[in-house]
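S.K.: Just dropping this structure here.
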Amino acid sequence: TYKDGSEEEEVAFTELSYLPSTSPYRFQSMLLTDRAVYKPGEKVYFKGYARYSEAKDTSWFVPKLDHKEKMEASVMMNGKQQTLYADVVADEVYGSFHGTMKIPKDVELRPTTLYFKGFSNGGTDGDEQKYYHENVMAGIIIADPRRPTATMEFNVKSKVCVPGKLLPLFVEVKTGTGTPIESAQVVIEWTHRRYRSSSKQIRRWWRSSWPMEPITKKGVVTMTTGAGGTAEFQMDVKAELQNLSNDQEDNIEEMWVGDTLVFEAQWVGPTGELVTQVSQEVQVALSEWSVHVETSVPNPIPGFDFGVKVGVKDQDGLDVKD
C-alpha cells in the first residue's frame, strides 16, 4: 500500500517468468533381461515396454521408435573402452520391444548398463515443445561366479627359441579340488610370426601406406598327461614349420632371429568346461645367453682412457659366471 497525495492504492508485485514444476508429459519404461549375471561369450536377452502421457491427460500412448537407434552397452576389452550394439525389434502397437546382445569372450569382468535412446513421445518436428527423446536403461553384471571345476598350468620352459634346439613345453591339469587328472589331452595351438620377408615383399610394403603384415604360420600339437597330471613335450619347431610349408601358401622352413612364437593351450575338463591359457611370447634367438658390454664412463671422450666390462647373461637377466 502506498499513498499518492491524498489517495491510497494497493499494488501487488509478482515474477514475470513462470516455470512449471512438472514436465509437459510423463514417460514410463521398463527394461528386463533374462538374468542379472552373464559370463563372457553369452547372449543377453532383453525385453521392455514404454508408454508416455500428457501431463494433463490420464491416457497413456505408445511412443515412437527410431529404428536407426540400437541398444548399447559400454564394456572394457584389452584395457580399452568399447561399445557393443544390438538391433531392437519393437511392436509399435503394444509398445513392447526386444532383442539380443552378444557379449564378447575377451571382455573384462565388471558391471555395465544396457542403454537405449530410440523412443520419442510421438510429437511432430513442427511441435518442438512436445518432441522429446527418452532413455531406457538396465544394469547387468559380466562375471563368472562359478568356481572352476578344473585348472590348468601351461608354460614354455624357455624364454627364447634357439634354431636347431628343441623347445620344452610343460602342462599340468587338476580338478577344482586339486586332484591330478591322468590321460587328459591338452591341445597346444602355436603361432609363428615373421615381419621380415623377401626384398620384393618389402619393396611392395614400402610403396604402400599400410603397415607390413606379418607372415603367420599356425600348427597344433597334443600333450597327454601322466599319472601325476603332468606332461612334457620337446617341440621341434623347425620340423613343424617344414611340415606346414607343404600345406600353406607362404613357405617358411627356417627360423630367423626376430621371429616370435605364441602358444595357446586348450583342454576340456571332466565336466565339459573349456580351460584355456596363453603363454608369453617366445623370441627366436641365436643363443639362450646374451653378451652385454659396459663402459666405465657413460660417454667416452676420444683421447682419454676408459674401462670396458663384458658380461654374459642368461634368459632371466642373471650373470653367467662359468
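The values are calculated or read from the model by the stated rules, or taken from the named source; none is laboratory data. Not measured: the values here are computed from a predicted model. Cβ atoms come from the backbone with ideal geometry, glycine included; neighbour counts cover every protein chain shown. To get the accessible areas, we keep the full protein, side chains included, count just its heavy atoms, and leave off ligands, DNA and RNA. Shrake-Rupley method; radii C 1.70, N 1.55, O 1.52, S 1.80 Å.
S.K.: Which of the residues belonging to the stretch 276-296 are over 30 Å from the mean Cα position of the chain (by Cα) and open to solvent by 60 Å² or more (accessible area, probe 1.4 Å)?
M.R.: L286, E288, W289, V291, H292, V293, E294, T295, S296
S.K.: Please work out if E273 is modelled with pLDDT under 85 and either over 19 Å from K165 (Cβ atoms) or open to solvent by 70 Å² or more (accessible area, probe 1.4 Å) (or both).
M.R.: Yes, satisfied.
S.K.: Among the residues of the stretch 77-97, write down those that are surrounded by 15 or more Cβ atoms within 10 Å (Cβ to Cβ) and not polar (S, T, N, Q).
M.R.: Listed by number, the residues that qualify are L84, A86, V88, A90, G95, F97.
S.K.: Residue by residue through the stretch 98-109, note down the ones that are open to solvent by less than 30 Å² (accessible area, probe 1.4 Å) and among the β-branched types (V, I, T).
M.R.: I103, V107, listed by residue number.
S.K.: So which residues in the stretch 308-322 are part of a loop (DSSP other than H, G, I, E, B) and either surrounded by 10 or more Cβ atoms within 10 Å (Cβ to Cβ) or in contact with a strand residue (DSSP E or B) (Cβ under 7 Å, 6 or more places away or on another chain) (or both)?
M.R.: D314, Q315, V320
S.K.: Another one. Of the residues that make up the stretch 268-289, is at least one aromatic (F, W, Y) and outside any loop (DSSP other than H, G, I, E, B)?
M.R.: No, the conditions are met nowhere in the stretch 268-289.
S.K.: Has the stretch 133-146 got any residue that is farther than 30 Å from T33 by Cα and either modelled with pLDDT of 85 or more or open to solvent by 60 Å² or more (accessible area, probe 1.4 Å) (or both)?
M.R.: Looking for residues that are farther than 30 Å from T33 by Cα and either modelled with pLDDT of 85 or more or open to solvent by 60 Å² or more (accessible area, probe 1.4 Å) (or both), one finds none in the stretch 133-146, hence no.
S.K.: Continuing with this model, one more query. With the structure loaded, tell me whether F170 is open to solvent by less than 50 Å² (accessible area, probe 1.4 Å), at pLDDT 90 or above, over 18 Å from A36 (Cα atoms) and in a strand (DSSP E or B) or whether it fails that test.
M.R.: yes
S.K.: If you don't mind, another one. Which of the residues belonging to the stretch 229-260 are at pLDDT 80 or above and either β-branched (V, I, T) or in a strand (DSSP E or B) (or both)?
M.R.: Result: T230, A231, E232, F233, Q234, M235, V237, V257, T260.
S.K.: Consider K56 against the criteria (1) open to solvent by 50 Å² or more (accessible area, probe 1.4 Å); (2) within 28 Å of the chain's Cα centre (by Cα); (3) at pLDDT below 90: it satisfies all of them except one. Which criterion is unmet?
M.R.: For K56, the exception is condition (2).
S.K.: Can you go through F263, F304 and tell me which one is assigned to a loop (DSSP other than H, G, I, E, B) and hydrophobic (A, V, I, L, M, F, W, C)?
M.R.: The unique qualifying residue is F304.
S.K.: Further question: Quick one: how many residues across the stretch 173-192 are of a type in the set (A, V, I, L, M, F, W, C), assigned to a strand (DSSP E or B) and surrounded by 20 or more Cβ atoms within 10 Å (Cβ to Cβ)?
M.R.: Number satisfying all stated conditions: 4.
S.K.: I would also like to ask the following. Which residue pairs have Cβ atoms closer than 8 Å, lie 6 or more positions apart in sequence or on different chains, and pair a first residue in the stretch 223-240 that is under 20 Å from G178 (Cβ atoms) with a second residue that is basic (K, R)?
M.R.: Short answer, once both residue conditions are applied: G229/K174.
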